[in-house]
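Only one structure is covered here, and it is reproduced in the block below.
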Amino acid sequence: MSESFAGKSVVVTGGTGGLGRSVSLAFLEAGAFVSVTYRDSAELAALQKEASANASKLDAYSTDVTEDSAVAALFESVVAKRGRVDALVNTVGGYIGGVKLWELDAKGLDRMLTLNLRAGFTLARNVAPRMMKQGAGAIVNVAAKAAFDHGAGASAYAASKAAAVAMMDSMAEDLRGSGVRVNTILPSIIDTPVNRQAMPKADFSKWPKPEDIARVILFLSSEDAKVIHGAAIPVYGGK
């Protein structure tokens, strides 16, 4: 997909994290102007360094994507600088696992709903009207395999990801015929340093790589995927 996004304006929320960094770099390599949200300055510096010659096409915003006013300001800034938003990829999320439902407190549930559901809601409700006005746009939300595969010890996580899939699926119907497409991807455990550290005895070779998932996201955001709308795409790895 070399230069397939030349001149396009793409927003990647959580764009400096384990998956987000790979997504941001892939869009930059494809010619896009990429606006990332971040919370960790060290992660941003690492992304800027890795972007190398493409760093001039990278904009960064320290934004709490669960806060409506902050998200509204984010898109106002991106549009003011880049003119439009052609694609939004939301990689923001969190995980609580290894806890039986009756051992999980309400704060844990609230945290999962905030990171895995509210963030996507706040972003989508702010960007959709802009994309509808353009008559075009692509939204890709990152959920998880756990949205359908409800393992033990992850009740709040699974519930929040399942809700996120349902929310995006419903919004896709709201947007049908508008020129704006909405899809979800469903990764299994992603091969990131954080996940390797958390599960050191796991077989990492079975985990999908961030750069492989990024290619799926670029496809879903591209005109090559213009007939894909309201889908939830498994990206579990091939092993």
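Nothing in this text is a laboratory measurement; each read-out follows from the coordinates by a stated rule. Just so it is clear, the structure is predicted and the values come from calculations on it, not from any experiment. Cβ: placed from backbone, ideal geometry, glycine included. Neighbour counts: every protein chain shown.
Compare the Cα positions of Leu104, Met132, Asn116 along the charge dipole of the stretch 1-142 (+1 at Cβ of Lys, Arg; -1 at Cβ of Asp, Glu; about the Cα centre) and return the one farthest towards the positive end.
The residue sitting farthest along the positive end of the dipole is Met132.
Using packing as a proxy for protection, rank 53-60, 71-78, 37-44 so that the peptide with the highest average count of other Cβ atoms within 10 Å comes first.
Peptide ranking by packing, descending: 71-78, 37-44, 53-60.
Can you find, among Ala159, Ile233, Gln197, the residue sitting farthest towards the positive end of the charge dipole of the stretch 158-239, where Lys and Arg contribute +1 and Asp and Glu -1 at Cβ?
In the stretch 158-239, that residue is Gln197.
Packing-wise, with mean Cβ within 10 Å as the measure, how do 98-104, 25-31 rank, highest first?
25-31, 98-104
Starting from 0 in steps of 10 Å, tell me what percent of the Cα-Cα pairs of the stretch 2-98 lands in each bin.
17, 52, 27, 4, 0
Could you grab the relative contact order for the stretch 9-235? Cα pairs under 8 Å, six or more apart, rounded to a whole percent.
Over the stretch 9-235, the number comes to 21 percent.
Checking the cross-link filter: which lysines have an alpha carbon closer than 27 Å to that of Lys100, excluding same-chain neighbours under 8 positions apart?
Those lysines meeting the cut-off are Lys145, Lys161, Lys201, Lys206.
Can you tell me the dipole magnitude for the stretch 88-239 around its Cα centre, using point charges on the Cβ only (Lys, Arg +1; Asp, Glu -1), in Debye to the nearest 20?
160 debye
Can you tell me the mean projection area, over all orientations, of the convex hull of the chain's alpha carbons? Units nm², please.
Mean projected area for the chain: 12.6 nm², to one decimal.
Rounded to the nearest 500, what is the 222 nm mean residue ellipticity of the chain from helices alone, with -39500 (n - 2.57) per DSSP H run of 4+ residues and division by all residues?
-13000 deg cm²/dmol, from helical runs alone.
Could you quote the convex hull projected area for the stretch 91-150, Cα atoms only and averaged over all directions, in nm²?
Seen from a random direction, the Cα hull of the stretch 91-150 projects 4.9 nm² on average.
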